[in-house]
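J.: Can you keep this structure in mind? I'll have questions shortly.
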Amino acid sequence: MNEAEIASGLPSTPNYQYAQLVGSQLFLAGQVPQASDGSIVAPGDPCAQASQCLANLNKVLTVHGFATSDIRRLVVYVVGEQTALSAAWSTVTAYFGGQVPPATLLGIARLGYPGQVVEIDGTVVKG
């Protein structure tokens, strides 16, 4: 199901797809801060995890022939208090050189993996 993504260094994701291409749009699953072996990177660290989520998102884009400039909308999910949201957001802002696409930053209670405090998904359209 995710052979191309796994070949690019992303971990195996049984039972769901990283992304699905429909015309010129790429529908993404939320990108989590996993290393290629499936482990969660920097448990509890919103900056390091945001960075890993963005790196994983970039790999998915590349596999499907898209670029960072094709991102039209982001949603950044962060577990924790305002300081954690601000820390994750500063990483996102730096990644995009201060020119973040339209985005929503959400503080939430928990995410899918122990130690995971950030997840990022987006809407991607070519052209």
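J.: Quick check on the chain: helices-only [θ] at 222 nm, where DSSP H runs of length 4 and up contribute -39,500 (n - 2.57) each and the sum goes over total residues. Nearest 500, please.
T.: Rounded to the nearest 500, it is -9000 deg cm²/dmol.
J.: Among DSSP bridges having both ends in segment 3-125, what percentage is antiparallel? Round to the nearest 5. Intermediate values should be presented prior to the final figure.
T.: Numbers: 16 of 22 bridges.
Of those bridges, close to 75 percent are antiparallel.
J.: While we're on this one: Using the Cβ atoms and a cut-off under 14 Å, what net charge is assigned to the surroundings of ASN58, where Lys and Arg are +1 and Asp and Glu are -1?
T.: -2
J.: Roughly what would the spin-label model give for ALA103 and ALA55, points 7 Å off Cα along C-beta, in nm?
T.: Reported label-point gap for ALA103 and ALA55 is 1.8 nm.
J.: Let me ask something else. Please give, to one decimal in nm, the separation of the simple spin-label points placed at TYR113 and THR62, each 7 Å out from Cα toward the Cβ.
T.: 1.9 nm
J.: Normalised by the number of residues in segment 3-125, what is the relative contact order in percent for Cα pairs under 8 Å and 6+ residues apart? The partial results should precede the final answer.
T.: Values: 232 pairs, mean separation 41.2, N = 123.
33 percent.
J.: For each of GLU3, GLU119, count neighbouring Cβ atoms within 10 Å of the residue's Cβ, then give the residues from fewest to most.
T.: Listed from fewest to most nearby Cβ atoms, that is GLU3, GLU119.
J.: Excluding ALA88 itself, calculate the net charge of residues whose Cβ lies under 11 Å from the Cβ of ALA88, where each Lys or Arg counts +1 and each Asp or Glu counts -1.
T.: Residues near ALA88 contribute -2 overall.
J.: While we're looking at this one, here's another question. Kirkwood hydrodynamic radius (Cα pairs, Å) of segment 53-127?
T.: It works out to 12.9 Å.
J.: Under the Karplus relation 6.51 cos²θ - 1.76 cosθ + 1.60, θ = phi - 60°, what is the ordered set of whole-Hz ³J(HN,Hα) values for segment 27-33, x standing for Gly and Pro?
T.: 3J(HN,Hα) across segment 27-33, in whole Hz: 8, 9, 6, x, 8, 9, x.
J.: Taking the structure as given and computing Kirkwood radius over Cα pairs in Å, which label from (i) 14.5; (ii) 16.3; (iii) 15.0 fits?
T.: Calculated Kirkwood radius over Cα pairs in Å: the matching label is (i).
J.: Also: Where the centre of each part is set by its Cα atoms, how far does segment 105-127 sit from segment 1-71, in angstrom?
T.: 11 Å
Computed from the coordinates by the stated procedures, all read-outs in this text should not be read as laboratory data. Remember, it's a predicted structure, so these values are computed and weren't measured experimentally. With ideal geometry, Cβ positions are generated from the backbone for all residues, glycine too; neighbour counts draw on all protein chains shown.
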